[in-house]
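Participant: Once you've had a glance at the structure underneath, I'll fire off some questions.
The values are calculated or read from the model by the stated rules, or taken from the named source; none is laboratory data. Note that the coordinates shown come from a computational prediction; the quantities given were computed from them, not determined experimentally. No Cβ is skipped: glycine too gets one built from the backbone with ideal geometry, and neighbour counts run over all protein chains shown.
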Amino acid sequence: MNIIVCIKQVPAKDAPLAIAGNWIKESDIGFEMNEPDSYALEEALRLKEKHGGEVVALSMGPERVKQTIKEALAKGADRGMHIADDKFAQLDPLGSAKALAAAIQKEKADLVLTGLQSEDHGFGQTGVLLAALLDRPHATIIMQIEVLDGKMKLKRELEAGWFQWMECPLPAVLTIQSGISKVRYATLKGIMAAKKKEIATVSRESLGVSHDPTQKIEKIYVPTKTKKTEFLTGAPKEVATKLVEKLKFEARVIWS
């Protein structure tokens, strides 16, 4: 089974973020693998261990993204693909999906896995759009994958503690739910082996993908912190009347 895992590099959780226009200032901060994508990678590696085949780590972004691809290789991915684009952070989900789809179409993948969403933008759309562009079956919020006779039995997480079992043919695109399994660490042996593994780099322009943004971020800002405390005084009946009026006419949380 040949599997492509889409992984994204995002600012580290403890990075001191500073706003620069409609995005953050990326200089002098650390970056790491998007945590939801690490679960997709783990699931791909487990499927390879059970059914054989190859796992390819695919990522898009500037030169620094190769470090995240190397992390995936150290954990067990067989090779990496890097779509070079210094301005990828300005792409909307459809633009990102088009570039990823163009790269994936050059491969013979039985399965494409993505994380549920990215930790920076958090749109949660790329996996679904990718399936549509590749014209492949798709299922989201996957908690378990069983492969048998060229098809998959999938467990999906629903609301209120409910789950759904469904069948899906191959090839397909799946969006993996975070927490599906325990993510492995890269071993010293894996880190050494990753140095010899291939990372193929192509520019986004060379993929022949053109895209006019369908959405854009107008502004990023830190919410203004406000705090207003008001003490109601008087007799209990009077205070209760004042409280009801404020809940009704100011907070608008109760209606007559």
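Participant: Can you tell me which residue is nearest to Thr175 (Cα to Cα) among those in segment 43-52 that are assigned to a helix (DSSP H, G or I) and not aliphatic (A, V, I, L, M)?
Facilitator: Glu43
Participant: Could you list, in sequence order, all residues of segment 67-97 that are farther than 18 Å from Phe31 by Cα, at pLDDT below 95 and not aliphatic (A, V, I, L, M)?
Facilitator: If the condition is that a residue be farther than 18 Å from Phe31 by Cα, at pLDDT below 95 and not aliphatic (A, V, I, L, M), then Asp92, Pro93, Gly95, Ser96 are the ones that fit.
Matching residues to (1) more than 30 Å from His51 (Cα to Cα); (2) crowded, with 18+ Cβ neighbours inside 10 Å:
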position	(1), (2)
His82	no, yes
Phe88	yes, yes
Leu91	yes, yes
Ile104	no, yes
Leu111	no, yes
Thr114	no, yes
Asp120	yes, no
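Participant: Return the pair list, or none, for Cβ contacts closer than 8 Å from residues in segment 138-151 that are in the same structural domain as Glu167 (by TED's automatic domain parsing) to residues that are hydroxyl-bearing (Ser, Thr, Tyr) and not in a loop (DSSP other than H, G, I, E, B), at least 6 apart or on different chains.
Facilitator: The qualifying pairs are His138/Thr175; Ala139/Thr175; Thr140/Thr175; Ile141/Thr175; Ile142/Thr175.
Participant: Do we have Arg156 as in the same structural domain as Leu113 (by TED's automatic domain parsing), free of Cβ contacts under 8 Å to residues at least 60 places away in the same chain and surrounded by 14 or more Cβ atoms within 10 Å (Cβ to Cβ) here?
Facilitator: Yes: the conditions hold for Arg156.
Participant: Of everything in segment 53-68, what is in a loop (DSSP other than H, G, I, E, B) and more than 15 Å from Leu41 (Cβ to Cβ)? Give them in sequence order.
Facilitator: Pro62, Glu63, Arg64
Participant: Right, another one. Please find, among Ser206, Ser178, the residue that is modelled with pLDDT under 95 and either in a loop (DSSP other than H, G, I, E, B) or under 18 Å from Gly115 (Cα atoms) (or both).
Facilitator: Just a single option satisfies the conditions, and that option is Ser178.
Participant: Got a sec? Which of Glu43, Glu35 is over 15 Å from Thr68 (Cβ atoms), in the same structural domain as Gly115 (by TED's automatic domain parsing) and under 18 Å from the mean Cα position of the chain (by Cα)?
Facilitator: Glu43
Participant: Separate question: Looking only at segment 159-182, which residues are in contact with a helix residue (DSSP H, G or I) (Cβ under 8 Å, 6 or more places away or on another chain) and either among the polar types (S, T, N, Q) or free of Cβ contacts under 8 Å to residues at least 12 places away in the same chain (or both)?
Facilitator: Selection gives Thr175, Gln177, Ser178, Ser181.
Participant: Please go through (1) assigned to a helix (DSSP H, G or I); (2) over 18 Å from the mean Cα position of the chain (by Cα) for Lys98 and return the number of the only condition it doesn't satisfy.
Facilitator: (2)
Participant: Only one of these is more than 21 Å from the chain's Cα centre (by Cα) and in the same structural domain as Leu111 (by TED's automatic domain parsing): Ile19, Ile29, Ile24. Name it.
Facilitator: Among Ile19, Ile29, Ile24, only Ile19 is more than 21 Å from the chain's Cα centre (by Cα) and in the same structural domain as Leu111 (by TED's automatic domain parsing).
Participant: A further question on this structure: For segment 210-250, which residues satisfy the criterion of being surrounded by 10 or more Cβ atoms within 10 Å (Cβ to Cβ) and either at pLDDT below 85 or touching a Pro at 6+ places or on another chain (Cβ under 7 Å) (or both)?
Facilitator: His211, Pro213, Gln215, Ile217, Ile220
Participant: Can you give me the number of residues within segment 25-49 that are more than 13 Å from Gln9 (Cβ to Cβ), among the charged types (D, E, K, R) and in contact (Cβ under 8 Å) with a residue 60 or more places away in the chain?
Facilitator: 3
Participant: Let me ask something else. For segment 7-24, give me each residue that is part of a strand (DSSP E or B) and either acidic (Asp, Glu) or without any contact (Cβ under 8 Å) to a residue 24 or more places away in the chain (or both).
Facilitator: Ala20, the sole residue that qualifies.
Participant: Moving on. From the list Ile176, Ile217, which residue is under 23 Å from the mean Cα position of the chain (by Cα), within 20 Å of Gly122 (Cβ to Cβ) and assigned by TED's automatic domain parsing to the domain that holds Leu73?
Facilitator: Residue meeting the stated conditions: Ile176.
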